[in-house]
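Enquirer: Let me begin by handing over the structure; questions about it come next.
What follows is calculated from the coordinates using simple rules that are stated; it is not laboratory data. Because the structure is a prediction, the values reported are computed rather than measured. Positions of Cβ are backbone-derived with ideal geometry, glycine not excepted, and every protein chain shown enters the neighbour counts.
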Amino acid sequence: MTSAPFLLVLLLAVPFLGSLASAFILNTTSRQLPVFLAGVVALSSVGLSALAYPYVTDGNVLRFHAEWLPQFGLDFSLRMDGFAWIFSMLVTSIGFLVVLYARYYMGDDDPIPRFFSFLLAFMGAMLGILISGNIILLSIFWELTSIFSFLLISYWHSSAAARDGARMALTVTGIGGFCLLIGMLLLGHIVGSYDLDTILASGDAIRNHPLYLPTLVFILLGALTKSAQFPFHFWLPNAMAAPTPVSAFLHSATMVKAGVFLLVRFWPVLSGTYEWFFLVGLAGMLTLLLGAFFAMFQRDLKGLLAYSTISHLGLITTLLSLGSPLSTVAAIFHMLNHATFKASLFMAAGIIDHETGTRDMQKLSGLFRFLPATATLAMVASAAMAGVPLLNGFLSKEMFFAEAVETHADSVLDRILPYVATLAGAFSVTYSLRFIHTVFFGPPPVDLPKPHPHEPPRWMRFPIEILVVVCLIVGIVPALSIGPFLETAVASVLGARTPDYSLSIWHGFNVPLIMSLVALVGGTLLYMALRRYLATSEDGPPYFRRLRGQRIFERVLVTVSWRWARLAESRLGTRNLQPQLRWIVAIGFTAGLLPLYLAGFERRPIVFSQIDPAFVLIWMIGMALAIGAAVYAKYHRLAALVMLGGVGLVVCLTFVWLSAPDLAITQLLVEIVTTVLILLGLRWLPKRNPDLGDVMTLRSRFRRFRDLLLAVACGVGMTVVAFTVMTIPVPDAIATYFLENAYAQGGGRNVVNVILVDFRGFDTLGEIVVLGIVGLTVYALLRRFRPAPDSMEMPEQQQIQNRFDEEQPERSPGDMVRDYLLVPSVLMQWMFPVILMFAVYLFIRGHDMPGGGFSAGLTLSIAFLLQYLAGGTRWAEDRIRILPLRWMGAGILTATATGAGAWLLGYPFLTSHFRYLELPLIGKIPAATALLFDLGVFALVVGSTVLILVALAHQSIRINRLRAIEAARREEA
């Protein structure tokens, strides 16, 4: 691995590592530490991006590739070309300026470490979108940006507006991200690869494929929702409830640019068709015009900037719809220009809000005399937004006008584009003038929440100064300042189609210049005409005040959640467990039956002469126990549980009979753990009333008969499928492959264990993640669970012992338990080191003999179970510090890190390496890297099992506390 591709890994990893480090900083520490950490991380990212520039010039591409699931085309592939480079510089540099700005903006009571943790994680997700070389990986980072933006928008979660805005943003962009994933899957299906380079080289095949239109629609849904394009534009203004640094970073420079970035990225392979022009052009033009129109009538400063952002994103989308290489150049140029002046304007709005306590433009006026430096910077940035000459916004907007007057397609959209562009340009001048004139000129403000505004700290204004200087330099000397970098970005997108273009300030007196002049003059006159109306009008544009996107969104949510969901709940939902289980079993039975039916399932005859009578006898005993458990489950839970355990032992004997010792050990250990845990949980359920069984209505008889039929159908179905699978003649290629390669490639003689931790290690990783989720879910449910009032009392013998111990208050509950179960408790305590060593033994031998991480984890869990049973909850937790959540976290991290470690040597994810070590007194032991993966399995199994045990054990503490409180109340009464 050379150092150059490793730059991409560092560029992606540094923000996430910084986010993780920031999350562990306590809020009570100095606020300088998280700010310093975030600043160093952001500045390091800027440096790493800058170092990559020599590798992406002249059309070169910097790549990093690590195999993950190569058989499915899913690899961890990073790719940086000139376009990704210029955007990574934009994201990291503005991110650094936002960190510096946030240092002074955030209040003393705000949890600063959490803020910077979310901000850095978002930066990492955004960089992942930019440099992903695999479109599925791009989709993953795409969704991560939605998640972290949700956390940032809802940062002030005590505010209802922040919560609603975050929910809306996540809902819209999350649904769009799901659509994007579908589009990426279709795109990969068309091309036959998910590799971005392969896709970018397959434009003709994609455009001529029958699936082109659905692929285009799904990808556009992802892009348009992320960039807040019509009709999905309504979420962005509501996201303004976020802190201003978030708005300056996410909603002007990064997140909302992700959609148009995606359109540029796939422009070479998706554009050039009428469908592209119509769908993208219609959304872009409507967004351009409506966003500018709505921006003029906003009272909130950030609302004005939000709608202006929507309008400018519509401008970029419109340019990309035209299918012209020059329009793509203009789109890329305006993406960069818009990020600089809009980020500076958001920061200026934040300073105004910070110093005056309000963003209402009807309360603000004459702030130039109080904030002269900030006002000057904001006016320059507003002029750039309006397209005033000698500023960067003028250059890219003039390029837009030039492309608008060109004929690209013989359609109504193309013919009206020059008029739409000029009108939207006039609107942009109007809302820019309103921002400048209303806020900074006029009489001094009165009745401000903060009556004495003044200039902010020097370094809080510094990021705005940097961005405004960029606007000026690019606007005055564009060819020298941005020219080489823009050329690098454009060439990486267009390749041989790169057109000749000029970044000169003056192109002569032509039609685009006339359009610019008309927009400037028309916008000024329009503001003068609307000035008095704007000073007293309500928030929102006339004729559209009742048409609010938020209201429509909420009505849709109400329709879905209250009408459709309630209808489904009334028909399918119930609080009773039995109907829920009935639905689950029925759906599972249908899901298993349907593929067999479609595949033409062949029933095979049963040959009884090949069945051993002893084996039949064992299974007859198991069937009898299963029927007994089903019958007694209604009347006597303990008896049913004992019989159910007997069924588990029959299954264990079956595995022994069929020479499957690994499965037999696992089955036996699972039976022990689950039986004890279920037994502990049965105590807290209400008592069964055996007399209820004598009262059987017609409806209850029908329900029992229906459940019996369903159970018999599922049981017989599983029996037939299992028998067929075990008897049908199939090629032994799979079994032979594992038998021949388990030792040669996995370094182990226990084929079952090698399959689990090596050949099928990715499946096992997913399974232990599911096991961890189950453990957390059970714990979360039991935390809210309260024992039933009529739950089981202590056994009579234990109550006698407790009354005896009341005379000795110095004795602990553990002492009582040990006196009550003296001999068993001592044995269980002495068994702890023995079981611990046995668990270690099972773990070490698992690679060559029956055992392994899962079995060892269950064994150690049994040791902890015995300690809780022997001494009670308080006694065990006073002497054993288990911390199951840390076991689970360590297990997931160890297993994942083992898989990722293969990448460092250039192998696919979870590729294992093995050798044997000679240890004194022990001999040879396997030292495969799969052993580390198995260690992660071991830790997670222990953590999940003990977490459930702790949740059950603490019910006894709760019930004793409740009974003590009730006894005290009775004594007081």
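Enquirer: Which one, MET515, VAL280, ALA489, projects farthest toward the positive side of the charge dipole computed for region 272-542 from Cβ point charges (K/R +1, D/E -1)?
Expert: Of the options given, the answer is MET515.
Enquirer: When the label point is put 7 Å from the Cα of ILE880 along its Cα-to-beta-carbon vector, which residues of region 908-940 have a backbone N closer than 16 Å?
Expert: 939-940
Enquirer: With θ set to phi - 60°, apply the Karplus curve 6.51 cos²θ - 1.76 cosθ + 1.60 along region 521-534 and write out the HN-Hα couplings as whole Hz, x wherever there is a Gly or Pro.
Expert: 5, x, x, 5, 4, 5, 5, 4, 6, 9, 4, 5, 4, 5
Enquirer: Counting other beta carbons within 10 Å of each residue's own, what order do SER88, SER149 fall into, fewest first?
Expert: Final ranking by Cβ density, sparse to dense: SER88, SER149.
Enquirer: In nm, give the distance between the simple-model label positions of ILE473 and VAL774, each being 7 Å from the Cα along the Cα-to-Cβ direction.
Expert: 6.0 nm
Enquirer: By count of other Cβ within 10 Å, fewest leading, how are MET184, MET828, MET849 ordered?
Expert: MET849, MET828, MET184
Enquirer: In terms of the Cα gyration tensor, with a ≥ b ≥ c the square roots of its eigenvalues, is region 825-892 rounded because a/c is under 1.5, prolate because a/b exceeds b/c, or oblate?
Expert: oblate
Enquirer: Let me ask something else. Can you check what the net charge comes to around SER88, using other residues whose Cβ is under 13 Å from the Cβ of SER88 (Lys, Arg +1; Asp, Glu -1)?
Expert: Its environment carries a net charge of +1.
Enquirer: Taking only the Cα atoms of the chain, how large is their convex hull per residue, in Å³? It would help to have the intermediate numbers written out before the result.
Expert: Values: hull volume 240.9 nm³, N = 973.
Per residue, the Cα convex hull of the chain comes to 248 Å³.
Enquirer: At 0.36 nm per residue, and after removing the present C-alpha to C-alpha distance, how many nm does the segment from LEU598 to MET837 gain when stretched out fully?
Expert: Full extension from LEU598 to MET837 adds 81.0 nm.
Enquirer: Over 22 Å, how big is the tail of the calculated P(r) for region 272-542, in percent of all Cα pairs?
Expert: Everything past 22 Å amounts to 55 percent.
Enquirer: What is the sum of charges around ARG359, taking Lys and Arg as +1, Asp and Glu as -1, for the other residues whose C-beta is under 13 Å from the C-beta of ARG359?
Expert: Computed value for this residue: -1.
Enquirer: Taking +1 at the Cβ of each Lys and Arg and -1 at the Cβ of each Asp and Glu, which of HIS408, PHE64, LEU480 sits farthest along the dipole of the chain towards its positive end, judged by Cα position relative to the Cα centre?
Expert: Checked the options; the winner is HIS408.
Enquirer: For SER311, what is the net charge nearby, where nearby means another residue's Cβ is under 12 Å from its Cβ and Lys, Arg count +1, Asp, Glu -1?
Expert: Local charge sum for SER311: +2.
Enquirer: Same structure again: Starting at the first residue of region 173-185, write each ³J(HN,Hα) from the Karplus equation 6.51 cos²θ - 1.76 cosθ + 1.60 with θ = phi - 60°, in whole Hz, x for Gly and Pro.
Expert: Coupling constants for region 173-185: 6, x, 5, x, x, 5, 4, 4, 4, 4, x, 5, 5 Hz.
Enquirer: A follow-up question, please. Give the residue from ASN337, SER396, PHE368 lying farthest towards the positive end of the charge dipole for region 272-542; charges sit on Cβ (+1 for Lys and Arg, -1 for Asp and Glu) and the dipole is referred to the Cα centre.
Expert: In region 272-542, that residue is PHE368.
Enquirer: Continuing with the same structure: Take the residue pairs LYS226/LYS363; LYS342/LYS397; LYS226/LYS450; LYS257/LYS302; LYS226/LYS302 and return only those whose Cα atoms are more than 26 Å apart.
Expert: Numbers: LYS226/LYS363 33 Å; LYS342/LYS397 15 Å; LYS226/LYS450 36 Å; LYS257/LYS302 18 Å; LYS226/LYS302 19 Å.
Checking Cα-Cα distances, LYS226/LYS363; LYS226/LYS450 exceed 26 Å.
Enquirer: Still on this structure: Using +1 on the beta carbon of Lys and Arg, -1 on that of Asp and Glu, and nothing else charged, what's the dipole of region 276-391 about the Cα centre, debye to 20? Before the final figure, lay out the partial values.
Expert: Working: 6 positive and 4 negative charges, 19 e Å.
That gives a dipole near 100 debye.
Enquirer: So how far apart, in nm, are the two label points at ARG915 and LEU513 if each is 7 Å from Cα heading toward Cβ?
Expert: Each label point is offset 7 Å from its Cα along the Cβ direction, giving 7.5 nm.
Enquirer: Could you give the size of the charge dipole of region 272-542 about its Cα centre, using +1 on the Cβ of each K and R and -1 on the Cβ of each D and E, expressed in debye and rounded to the nearest 20? It would help to have the intermediate numbers written out before the result.
Expert: On the way: 15 positive and 17 negative charges, 139 e Å.
About 660 debye.
Enquirer: Tabulate in residue order the Karplus-calculated ³J(HN,Hα) for region 400-411, using 6.51 cos²θ - 1.76 cosθ + 1.60 with θ = phi - 60°, rounded to whole Hz; enter x for Gly and Pro.
Expert: Once rounded to whole Hz, the list reads 5, 4, 4, 6, 5, 7, 6, 8, 10, 7, 7, 8.
Enquirer: Any idea what the dipole of the chain comes to, in debye rounded to 20, about its Cα centre with Lys/Arg Cβ at +1 and Asp/Glu Cβ at -1?
Expert: Rounded to the nearest 20 debye, it is 2340 debye.
Enquirer: First obtain the Kirkwood hydrodynamic radius of region 732-786 from its Cα pairs, then insert it into the Stokes-Einstein equation at 25 °C and 0.890 mPa s, and state the resulting D in µm² per second as a whole number.
Expert: The diffusion coefficient I find is 186 µm²/s.
Enquirer: Additional query: Hey, any idea what the orientation-averaged projected area of the convex hull of region 483-529's Cα atoms comes to, in nm²?
Expert: Taking the Cα atoms of region 483-529, their convex hull projects to 5.0 nm² on average.
Enquirer: Name the shape class, rounded, prolate or oblate, that the alpha-carbon gyration tensor gives for region 453-541, where a ≥ b ≥ c are the square roots of its eigenvalues, rounded holds for a/c under 1.5, and otherwise prolate holds if a/b is larger than b/c and oblate otherwise.
Expert: Oblate.
Enquirer: Sorting ILE175, ILE922 on the 10 Å Cβ count, fewest up front, what's the list?
Expert: ILE922, ILE175
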